[in-house]
Each structure stands twice: as structure tokens, then as C-alpha cells.
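Structure record follows, encoded as C-alpha cells.
The values are calculated or read from the model by the stated rules, or taken from the named source; none is laboratory data. Bear in mind that the values here come from a model prediction, so they are computed numbers and not experimental data. Counting neighbours? That spans all protein chains shown, and the Cβs are built from the backbone with ideal geometry, glycine included. These accessible areas exclude ligands, DNA and RNA; they are computed on the full protein's heavy atoms, side chains included. Shrake-Rupley method; radii C 1.70, N 1.55, O 1.52, S 1.80 Å.
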Amino acid sequence: MTTSTVVPSPVQVKGACPHDCPDTCSLVTTVDKGVAVRIHGNPDHRPTDGVLCTKVSRYLERTYHPERVLQPLKRTGPKGAGQFEPVGWDEALADIARRLRAIAAVDPQAIVPYSYCGTMGLVQGEAMASRFFHRLGASFLDRTICATAGTEGLLHTIGGKLGMRVEFFAESRLILIWGSNSIGSNLHFWRLAQEAKRRGAKLVCIDPRRSETADKCHEHVALLPGTDAALALAMMHELVVNDWLDHDYLARHTLGWEGLRERALRWSPERASAVCGVPAEQIRSLARDWGTTSPAAIRLNYGMQRVRGGGNAVRAVACLPALTGAWRHRAGGMLLSSSSVYPVDGAALRRPDLLAGRAPRTVNMVTIGDDLLRRGSPAFGPAIEALVVYNSNPVAVAPESGKVVAGFAREDLFTVVLEHFRTDTADYADYVLPATTQLEHWDVHTSYGHTDVLLNRPAIAPVGQARPNTQIFRELARHMGFADPCFGDDDQTLCRAAFGDRVDFELLLERGHASLGLPEAPFAEGGFPTPSGRCEFFSERLARQGLDGLPDHVANHEPAASSTRYPLSMISPPARNFLNSSFVNLRSLRDIEGEPLLEIHPRDAQVRGIGSGDVVRVFNDRGEYRCKAEVCERARPGVVNGLGIWWRKLGLDGTNVNQLTSQRLTDLGRGPVFYDCVVEVERE
């Protein structure tokens, strides 16, 4: 069992931010007499540069929050009522094990883990937890709720989640910030973009919403949701007809150029204008900038792939740097994610050998609303009888939350939630188990925005009776009678196992971080990790699946202006001071955000008689949601922005924006389509 040793005061302890953000900051926590009294960014870690975002700078408020769950809780009232009584750890774990054993004796696939990136740590995330569920034979969870469409798009184009090193954006002459509100969700990249701007670079924001980032860029391209591939193809059209191409790079380092060229020539700026809702001349200007500026770079983010055609959209955008040879320069190319550079030994952490030849079914976390309401069948497998939720808040964050709530409310569903707080999901739990925060446990972190490894040391002893996720699953395994030696590995052992000898763990202990030795311009001479070694405009792997081998515009499930009943498109980007549903319960951050808001353009508001501050009903066939309207030009005509993700219990009517989103999936990667949604809005 891992324990924390409180060292003499005062002391500074190095750690890592655990949250789902590309920056993965290095933290320094000051501890006095066993109490964390200050947290700040590590000035010795170059990507962090001593700076933290507004959210994480308040992490002590989260750790010492008066409403934090600090002892195991057992449900005493109806599901959803949030009525519990405290119980001891042994009593809770023994009863949980008894219930899970009874289900597993019939079919362990009726037990489903549900987790995502409440922590990005390799140890407190899916290390001991995966060992437990592999040994049990529980259903697999397809963890698709954020990034899989983009992941698949990159895989079939450049070979993986790879790209520029983020620090070299500071040297770019043109930066397209595509589908990202970097000021709120990628602060340290934004600092680099500002440095480039001071040096004369042009910044262009491509986003349906006029975000805080768009305000600070030279230009804003306010395209309709789900039309990014059409915009990219029209840019390619202009690159071709004006010969803004690197023919040598195309010949030596790409595959499928002739097919892509033919497709691009079908996408005139006028055609794309009609699809994207962007002036044709703006498309021409954007293409001209991309084709005639060097070095030029794209910072892509995941918002643009949360639509039906999200995978194809990422494929199309990922082709652009190869057309112009932007990859030749360290300050040119593209970055969506750097995750694939890390030599993580996933098998050592998660131990898939514990399955012992079993092949459980897979449940997609996006469709949990439907799946909790399904009966058992040969196609689906057994009905879901138990959920173990950790590092996630599905009642708030999963789409079509009316169905999610109905599923969690089943009296015959046994639900265990590991949590810091009584979230919307915890209210439906049979047991809530208190988990430690990042200041109270060991972990090791990669990043998807830079290329360093970070170690998180515990700065303080666990508060109350909280225990690390690893310890909870370790002890639950013991109560289940699992005697496999791997359940005895402590957290430092797991941290060391994450990379084996591929990262110097002693350096991590000394400095708190270690940099990977990577080339400055990874694809300057090609060498893409695809089957062909080239940037694959045409993917044979996709073609073998019966899919289009070339990227194309794939229209939304619910295209803009496609419905007379629901004439408005809705996207649901994160509120600036929340991170998914984390931090929503911190009063200082909630006070900044105010209340749940729907941004609506003045033109759309006027015809509906809506003014700022009015309570509005936002609705479609899936449900309805009430919030306050903000009439502003952050929303483009025809599109409303439902800022999220508020806890349902903090909403005006006990719901949030996911009451309206659908469980339909993306073209690649089986991902969610949160931004592929049509609604109507009316004043209450």
C-alpha cells in the first residue's frame, strides 16, 4: 500500500496537473506543517514557465473544499436524491465485492467500468483499475467521448498523434488556430502564439464561435459547425490552381496526390462558401496566406471533430502541410496531439494477460444512455447490471442525458462511484468512495500538447479517509479474492513500470520532469509512421474497410438549417473557467461564469423576442433545457452556443446542455457528435 510521508515544514513538492488539457503543467506545492498552502507553476519547466491557468491556480480550494467526500457513503434514499449515510471502508468494500461476485458468477460482462480523463495520470487512471477489470472479465469500455475521430483521422494520414513541437510555434509566420479557444483551453500554446504575433506572425482563428481567442487574432473565419473539411478542400483547390505547391515534397513524401488533387478541384471557394457559410473571398485569402507564407503552422484542437464527419475533417486539415511542404521547417506543419511520441508500456501497467484468453464485449461510453436501457440479447450481450465509475461524471457529460439519467435511475443497477464530490453521477450511486486529489498521491504523466514526462509526488497525506484509485482497486481485488501478485504493486512501482528504462526515473525524482529526445522537424524528410512511410492522402487501410480512402466533406447528421422545426445549430463549447464538468462546484470559478448561458446572435434573438438575461427554453426531439440568454456576436447567425458543462443540479431546471445532444457517432473512431445538433429556442 502506498503511503505519503509528511516532511518537515515548509517544503516545496513538485507535481503535475492531472486535468484533460494539452498543457500538462508542472506544479509546485508549498506545504507547511502538513498543509498545502500555495500552488504555482514550475518556473524550471519550460512548457509551464511558472504560469498556471485560472482553474488550476485554485486547486487548493478543490483539495480542501468543505463539500469534499471524505468517507465512504452508502445510499439511503431514492436514486438521484443524493441521500447517503457514512460507512466504514471494510463494510463498503466487502458489500461491493459481494455484489460484484454475484453478478460475475453469471456473466462478468454485465459489469461495466466507466472512466475517462478526470485524471490523465497513467497510474491513477487505468493501471490498477484495468488490472482489476481484466482479472474480473468485465466488459471493455470504448473510451471515445473526446478524441477518437481525430485520432483515427491522424492515424490514417500522418500515422499517429504526432506533429510539431509546440515551442516552435513561436517562430511561425502564420498560425491557423483551428477549432480551439486556446486562451481558455491551451494557455501555454497561446503564450507562444502571442510571441509569434509580436514577431510579426498573422494569427487566424477558425471557429463557429467568436471566442476570446478569435477576439485576439488578426482574422476570424466563422464557419458553420461540421464544415471544416469543405473549407480545407477549398483551400486545396486554391493551392492547386495557383500552384502554391511543393511539388518535390508531394512527389517524395506523399501518397495519393493525384486523387486528392482531383477531389480538391471539385471544391471551388464558391461551393465551399455555400456549405461553410463563409465568403468565397475569405476562403481565397486564407488559402493565399497558407500557400505563400513560410513557415506556416496549424494548431488544431478537438472541437472540430465532434461532428459526424469529424474524422474526415481532421484528415483533410492534416493534408494541408504536406501540400506546401510546411513540414520542412521546425516552425511549420501541424499539431493536434503529441500523445504518440511517448514510449508507454501499457501492457506492464494494465496487464491484459489477466484476461486469460477471454474476449469481453465492448460498450461505447458515448452510447451509455441507450446501453443502460437495453435488454440482454445475443447481439448486445447481457444487460448491464453494475457500473463502476471513476475519473468521470457521465450523468453530466454523456450525450442525450435524459436517457443517461433514466439508465442510472434503474433500481436494479448497482453503481459504485469513486469521487471527490457529490457530482450528478454520485447522486445515483449505491456507494460513493472518497478518492484522493492530485496533491495526495503518486502518478506519472504524459502530455498531448508538449513532449515532456512529468512525475507527480504526493505533497500532503490523504485528506480524511480518501484513498488513491489504485489503493481502492487494490483492496477491492483483495476482497474479491484475487491473489495475483500484480495487485501488490505499490504506486511507485507502477510509476517506474510506465516507461521501464526508456525514461530516466531518477531524473524524474530529481527534477519532476524529463524531456524526450525528439527531432525538431519530425517530417522534414518524410518518414511518416504510416504503412507507406508517406503522408497518406489516400489510405489503403480505410479503403479495405469499405470507406473512402481520400478525405471528403461528410455532412452533419443534423446539418445547419436542415429542419424547419429546429432551425438553429447548437455547439456546446466549454465555459472558460470550467474543464468539462470539473471545477464547476468551486464557488470562485462559478462566480466568474455566473450561470448557465446560451449565446445567441442579435438577428436570431430579435425574431424570437429574446433579450439578454431572459430565461429561454432550448429544445429538440431529445429534450429541453432552460438557461439564461446572452444576446451577442460571439454567436454567428444560425448557430447558438450552449456553454458547458454545468452540473445538472446547478442548472435552472436540473438539466444541462447535454439534454439536447445525441448519441450518434462520428464517421471514424466511434466518437460523439456533441456539435452536430439542431435546436429551437424560445423565450419563457
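Roughly how many Å² of Ile158 are accessible to a 1.4 Å probe, to the nearest 10?
Result for Ile158: roughly 0 Å² accessible.
Starting at 0 and stepping by 10 Å, how many percent of the alpha carbon pairs of the range 101-211 end up in each bin?
It works out to 12, 27, 28, 17, 11, 5, 1, in whole percents.
Along the charge dipole of the range 356-499, which of Val405, Gly357, His420 sits closest to the positive end, that is, farthest toward it, with unit charges on the beta carbon of Lys, Arg, Asp and Glu (+1, +1, -1, -1)?
Of the listed residues, the answer is Gly357.
What does DSSP give for the chain in terms of the percent of beta bridges that are antiparallel, rounded to the nearest 5?
Working: 40 of 84 bridges.
Taking every DSSP beta bridge within the chain, about 50 percent pair in antiparallel fashion.
Protein chains only, probe 1.4 Å: how do Asp44, Asp345, Asp228 rank by accessible area, largest first? Intermediate results must be reported in sequence, preceding the final value.
On the way: Asp44 110, Asp345 55, Asp228 10 Å².
Ranking Asp44, Asp345, Asp228 by accessible area, largest first, yields Asp44, Asp345, Asp228.
Label Glu219 and His65 with points 7 Å out from Cα along Cα→Cβ: what is the distance between them in nm?
4.2
Run the lone-cysteine check on the chain: no other Cys C-beta under 4.7 Å from the residue's C-beta.
Cys21, Cys53, Cys117, Cys146, Cys276, Cys319, Cys486, Cys495, Cys535, Cys627, Cys632, Cys677
For the range 445-525, state the average projected area of the convex hull of the C-alpha atoms over all orientations, rounded to one decimal in nm².
Details: hull surface 32.4 nm².
Average projection, Cα convex hull of the range 445-525: 8.1 nm².
For the range 426-550, what relative contact order do you get, as a whole percent, if you take Cα pairs closer than 8 Å and at least 6 residues apart?
On the way: 114 pairs, mean separation 26.0, N = 125.
That works out to 21 percent.
Using only the Cα atoms of the range 165-301, build the gyration tensor, take square roots of its eigenvalues as a ≥ b ≥ c, and label the shape rounded, prolate or oblate: rounded if a/c is under 1.5, else prolate if a/b is larger than b/c, else oblate. Let's see the in-between values first.
Numbers: a/c = 2.04, a/b = 1.32, b/c = 1.55.
Oblate, since a/c reaches 1.5 and b/c is not below a/b.
If each residue of separation counts as 0.36 nm, what is the full-extension length gain between Val241 and Glu212 once their alpha-carbon separation is subtracted?
Details: separation 29, 0.36 × 29 = 10.44 nm, distance 3.45 nm.
Gain on stretching Val241 to Glu212: 7.0 nm.
Using a 1.4 Å probe over the heavy atoms of the protein chains, calculate the carbon and sulfur portion of the accessible area of the range 463-608 as a whole percent.
Numbers: 3070 of 6430 Å².
Looking at the range 463-608 in its full context, I get 48 percent from C and S.
List the GluC sites (Glu not before Pro) within the range 613-667 that DSSP assigns to loop and that have no more than 14 neighbouring Cβ atoms inside 10 Å. Don't jump to the answer; show the numbers that get you there.
Numbers: sites: Glu624, Glu630, Glu633; in loops: Glu633.
Loop-located and lightly packed - Glu633.
Considering only Leu100, Ala251, Pro531, whose Cα is most displaced toward the positive end of the charge dipole of the chain, charges sitting on Cβ of Lys, Arg (+1) and Asp, Glu (-1)?
Checking the options against the dipole of the chain, the answer is Leu100.
Test of understanding: extend the Cα→C-beta vector of Asp370 to 7 Å, then name every residue of the range 557-584 with backbone N under 15 Å from that spot.
Answer for the range 557-584: 557-558.
So how exposed is Asp484, as accessible area in Å² (1.4 Å probe, rounded to 10)?
Here the residue's solvent-accessible area equals roughly 40 Å².
Give the value in nm², to one decimal: projected area of the alpha carbon convex hull of the range 273-332, averaged over all directions.
Values: hull surface 18.3 nm².
Projected area, direction-averaged: 4.6 nm².
When a/c is below 1.5 the answer is rounded, else prolate if a/b is larger than b/c, else oblate, so apply that to the range 227-317 with a ≥ b ≥ c taken from the square roots of the Cα gyration tensor eigenvalues. Walk me through the intermediate numbers first.
Numbers: a/c = 1.44, a/b = 1.22, b/c = 1.17.
Because its axes are fairly even, with a/c under 1.5, the range 227-317 counts as rounded.
Putting +1 on Lys and Arg Cβ atoms and -1 on Asp and Glu Cβ atoms, find which of Ala514, Leu547, Val341 reaches farthest to the positive end of the dipole of the chain.
The residue sitting most towards the positive pole is Leu547.
Tabulate in residue order the Karplus-calculated ³J(HN,Hα) for the range 159-171, using 6.51 cos²θ - 1.76 cosθ + 1.60 with θ = phi - 60°, rounded to whole Hz; enter x for Gly and Pro.
After applying 6.51 cos²θ - 1.76 cosθ + 1.60, I find x, x, 7, 9, x, 4, 7, 4, 5, 7, 4, 5, 9 Hz.
When only DSSP loop residues count, what trypsin sites (Lys or Arg not before Pro) in the range 157-233 have their Cβ near at most 11 other Cβ atoms within 10 Å?
Numbers: sites: Lys161, Arg165, Arg173, Arg191, Lys197, Arg198, Arg199, Lys202, Arg209, Arg210, Lys216; in loops: Lys161, Arg165, Arg173, Arg199, Arg209, Arg210.
Of the trypsin sites (Lys or Arg not before Pro), the ones in loops of the range 157-233 whose Cβ has at most 11 other Cβ atoms within 10 Å are Arg199.
Would you please classify the overall shape of the range 419-469 from the alpha carbon gyration tensor, given that a ≥ b ≥ c denote the square roots of the eigenvalues, rounded means a/c under 1.5, and beyond that prolate means a/b larger than b/c while oblate covers the rest? Each step should come with its number before you reach the end.
Details: a/c = 3.72, a/b = 1.65, b/c = 2.25.
Oblate, since a/c reaches 1.5 and b/c is not below a/b.
For Lys55, go through the lysines and keep the ones whose alpha-carbon is under 27 Å away, minus same-chain ones fewer than eight residues off.
Lys14, Lys33, Lys161, Lys197, Lys216, Lys628, Lys649
Can you give me the Kirkwood hydrodynamic radius for the range 387-497, using every pair of distinct Cα atoms, in Å to one decimal? Present the calculation step by step, with values, prior to reporting the outcome.
On the way: mean 1/r = 0.0626 Å⁻¹.
Evaluated over the range 387-497, this radius sits at 16.0 Å.
Any chance you could give the angle, 0 to 90 degrees and rounded to 10, that helix 187-198 forms with the longest Cα principal axis of the chain?
It is inclined by approximately 30 degrees.
Jot down the per residue volume, in cubic angstrom and as a whole number, of the convex hull over the alpha-carbon atoms of the chain.
149
To test your reading of the geometry: what angle, between 0 and 90 degrees and rounded to tens, separates the Cα axis of helix 310-324 from the longest principal axis of the chain?
50
Please report, in whole Å, how far the alpha carbons of the range 214-268 spread along each principal axis, starting with the longest.
39, 22, 19
Provide His445, His479 ordered by accessible surface of protein heavy atoms (probe 1.4 Å), highest first.
Putting His445, His479 in descending order of accessible area: His479, His445.
For Gln465 and Glu262, compute 0.36 nm times the residue count separating them, minus their Cα-Cα distance, and round to one decimal in nm.
Working: separation 203, 0.36 × 203 = 73.08 nm, distance 6.36 nm.
Net length gain for the segment: 66.7 nm.
Accessible area per residue for the range 126-273 in Å², computed with a 1.4 Å probe and the full protein assembly in place, what is it? Let's see the in-between values first.
Working: 4430 Å² over 148 residues.
Averaged over the residues of the range 126-273, the accessible area is 30 Å².
Can you figure out the FRET efficiency of Thr292 with Phe380, using R₀ = 60 Å and their beta-carbon distance, to the nearest 0.05?
On the way: r = 54 Å, r/R0 = 0.90.
After rounding, the FRET efficiency stands at 0.65.
How high is the relative contact order of the chain, given as a whole-number percent (alpha carbon pairs under 8 Å, six or more residues apart)? Working shown, then result.
On the way: 1644 pairs, mean separation 145.8, N = 684.
Normalised by residue count, the contact order of the chain is 21 percent.
Simple spin-label model, 7 Å along Cα-to-Cβ: Glu411 to Ser57 in nm?
5.1
Calculated from DSSP H runs of 4 or more alone, at -39500 (n - 2.57) each and per residue, what is the 222 nm mean residue ellipticity of the chain, nearest 500? Kindly include the intermediate steps, with their values, before the conclusion.
Numbers: 23 runs with 192 residues, N = 684.
Calculated mean residue ellipticity at 222 nm is -7500 deg cm²/dmol.
Are there GluC sites (Glu not before Pro) in the range 1-93 that DSSP marks as loop and that have at most 12 other Cβ atoms within 10 Å, and which are they? Walk me through the numbers before you get to the answer.
Working: sites: Glu61, Glu67, Glu91; in loops: Glu67.
Loop-located and lightly packed - Glu67.
Suppose each label sits 7 Å from its Cα in the direction of the beta carbon; what would the Val106-Ala94 distance come out to in nanometres?
2.5
Residues with amide H under 5 Å of Asp142's amide H, sequence separation 5 or more or different chain, H placed in the peptide plane at 1.01 Å from N; which?
Residues meeting the amide H criterion: Val363, Asn364, Met365.
Which percent of the accessible heavy-atom area of the range 213-362 goes to carbon and sulfur, probe 1.4 angstrom?
Details: 2330 of 4910 Å².
Roughly 47 percent, rounded to a whole number.
If you roll a 1.4 Å probe over the heavy atoms of the protein chains, what accessible area per residue do you get for the range 314-451, in Å²? Walk me through the intermediate numbers first.
Numbers: 3590 Å² over 138 residues.
Roughly 26 Å² per residue, with all protein chains present.
If each residue of separation counts as 0.36 nm, what is the full-extension length gain between Ala347 and Arg587 once their alpha-carbon separation is subtracted?
Separation in residues times 0.36 nm, less the Cα-Cα distance, equals 82.3 nm.
Considering only DSSP beta bridges whose two residues both sit in the range 479-628, what percent are antiparallel, to the nearest 5?
Numbers: 7 of 8 bridges.
Just about 90 percent of them are antiparallel.
Rounded to the nearest 0.05, what FRET efficiency do Arg603 and Gln194 give with R0 = 45 Å and r taken as the Cβ-Cβ distance? Could you check? Don't jump to the answer; show the numbers that get you there.
Working: r = 32 Å, r/R0 = 0.72.
The formula returns an efficiency of 0.90 here.
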